[in-house]
1. Identify the single condition in (1) surrounded by 14 or more Cβ atoms within 10 Å (Cβ to Cβ); (2) under 24 Å from residue 95 (Cβ atoms); (3) at pLDDT 95 or above that residue 134 does not satisfy, given that it satisfies every other one.
2. Which of the helices (runs of 4 or more DSSP H) found entirely inside the stretch 1-91 contain at least 3 residues meeting this: closer than 22 Å to residue 107 by Cβ?
3. Being farther than 20 Å from residue 170 by Cα, surrounded by fewer than 17 Cβ atoms within 10 Å (Cβ to Cβ) and in contact with a helix residue (DSSP H, G or I) (Cβ under 7 Å, 6 or more places away or on another chain), is that true of even one residue in the stretch 144-152?
4. Show the residue pairs that are 6+ apart or on different chains and have beta-carbon atoms under 6 Å apart, the first residue being within the stretch 198-215 and in contact (Cβ under 8 Å) with a residue 12 or more places away in the chain and at negative phi, the second being crowded, with 18+ Cβ neighbours inside 10 Å and outside any helix (DSSP H, G or I).
5. Given the criteria in a loop (DSSP other than H, G, I, E, B) and surrounded by 13 or more Cβ atoms within 10 Å (Cβ to Cβ), does residue 198 qualify?
6. Specify which of the listed residues (158, 107, 128, 119) is at pLDDT 95 or above and in a helix (DSSP H, G or I).
7. Identify the single condition in (1) in contact with a helix residue (DSSP H, G or I) (Cβ under 7 Å, 6 or more places away or on another chain); (2) in a helix (DSSP H, G or I) that residue 141 does not satisfy, given that it satisfies every other one.
8. Mind checking whether some residue in the stretch 78-96 is over 20 Å from residue 136 (Cβ atoms), surrounded by fewer than 18 Cβ atoms within 10 Å (Cβ to Cβ) and out of contact with any strand residue (DSSP E or B) (no Cβ under 8 Å at 6 or more places or on another chain)?
């Protein structure tokens, strides 16, 4: 009896692994961003890492408030977290622009509030999938530009890594609300949430490595 209660199938195990991987990359690289002085990317990574832990908790317990929090954090990251705050964070190494401290606080408070408003508005809810798609495409195109910057400084391998993971994120964004993978209810690997969690986790690593490489390039350029 006891063994039956703790047994989980392979599909669920991989889904939980994906949640843990997202939590790990979010927290580890979020702290690394904070140590680099990039609070925008640091806190956004920490938010996504916390979202991964919350998703893990929900999948284990099916606790309704945890599900509601998952929807809220997902809306924030898809609408504002990476497309807007992520872009502003990367501007530090692509255009040598740093957001003022007061503006950072205002941005987080405002976007967190707007995320709640979006989910509470029936009119906005009907167009949210299209809004998510458009703004994520814009962010991914910006990351393609970041990939080009890596090629320009001779980091071709890292440029390919970022380009590939961004392409995967673009594919995930494209099917998120619009396409259902055939048989994903039972497929161990080819189900949306597992593919999304792994893709996002790897892309977080690629973005961090890209940021560090471009940041070193700026430092070296400043010493010349």
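1. All conditions pass for residue 134, except number (1).
2. It comes to 10-35, 39-61, 64-76.
3. yes
4. Pairs that qualify, where the first residue is in contact (Cβ under 8 Å) with a residue 12 or more places away in the chain and at negative phi and the partner is crowded, with 18+ Cβ neighbours inside 10 Å and outside any helix (DSSP H, G or I), are 213/155.
5. Taking the combined requirement at face value, the residue does not satisfy it.
6. 158
7. (1)
8. Scanning the stretch 78-96 turns up at least one residue that is over 20 Å from residue 136 (Cβ atoms), surrounded by fewer than 18 Cβ atoms within 10 Å (Cβ to Cβ) and out of contact with any strand residue (DSSP E or B) (no Cβ under 8 Å at 6 or more places or on another chain).
The values are calculated or read from the model by the stated rules, or taken from the named source; none is laboratory data. What you see is a predicted model; the values in this text were computed from it and never measured. All Cβ positions, glycine included, derive from the backbone under ideal geometry; neighbour counts span all protein chains shown.
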